[in-house]
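Read the structure below first, then the notes.
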Amino acid sequence: MGGSTSTKIPALLQDIAAWPIKGLAVFSGAGFSANIRSFLVSSGRAVDYADLESWLRLCFGLDLPQGERAKKLPLRTHEDAAVPASPTKPPGGPEE
């Protein structure tokens with residue numbers, strides 16, 4: 001099958017959308033740029049192998065093991081990384 005990855009990936013996602021049952025593409029490795037990774041994940045039809053277990057647990061309503069809850073949830077964006085997870089004192093709260 002000829003063609004570049006940039007033409008094969010959208011075709012793969014279209015093929016999956018046409019399947020009679022829901023399908024999922026699983027990808028992994030350093031060969032995927034950040035843009036392609038974002039494109040795949042945002043399609044709702046692809047997941048990075050590193051996130052597969054969490055995705056399957058979420059999809060099928062299974063609990064994460066206790067140790068995994070802290071590592072995997074909640075998901076944070078790049079913008080969240082600059083904001084502290086919890087303030088030391090709520091704004092407008094009583095002084096101690």
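Coordinate-derived values only; no laboratory data. Bear in mind that the values here come from a model prediction, so they are computed numbers and not experimental data. Every residue, glycine among them, receives a Cβ derived from its backbone with ideal geometry; neighbour counts consider all protein chains shown.
Note the full-extension length gain between VAL41 and VAL26 as 0.36 nm times their separation in residues minus their Cα-Cα distance, in nm to one decimal.
4.4 nm
Hey, what do the phi angles of the range 8-15 turn into as Karplus ³J(HN,Hα) couplings, whole Hz, using 6.51/-1.76/1.60 and θ = phi - 60°, x for Gly and Pro?
Values per residue, Gly and Pro as x: 6, 5, x, 5, 4, 5, 5, 4 Hz.
How high is the FRET efficiency from GLN14 to ALA34, r the C-beta distance, R0 25 Å, rounded to 0.05?
Taking R0 as 25 Å, the efficiency between GLN14 and ALA34 is 0.65.
Quick one: Karplus J couplings for the range 29-36, per residue in order, coefficients 6.51, -1.76, 1.60, θ = phi - 60°, nearest Hz, x for Gly and Pro?
For the range 29-36, the Karplus-derived couplings read x, 7, x, 9, 6, 4, 5, 5 Hz, x marking Gly and Pro.
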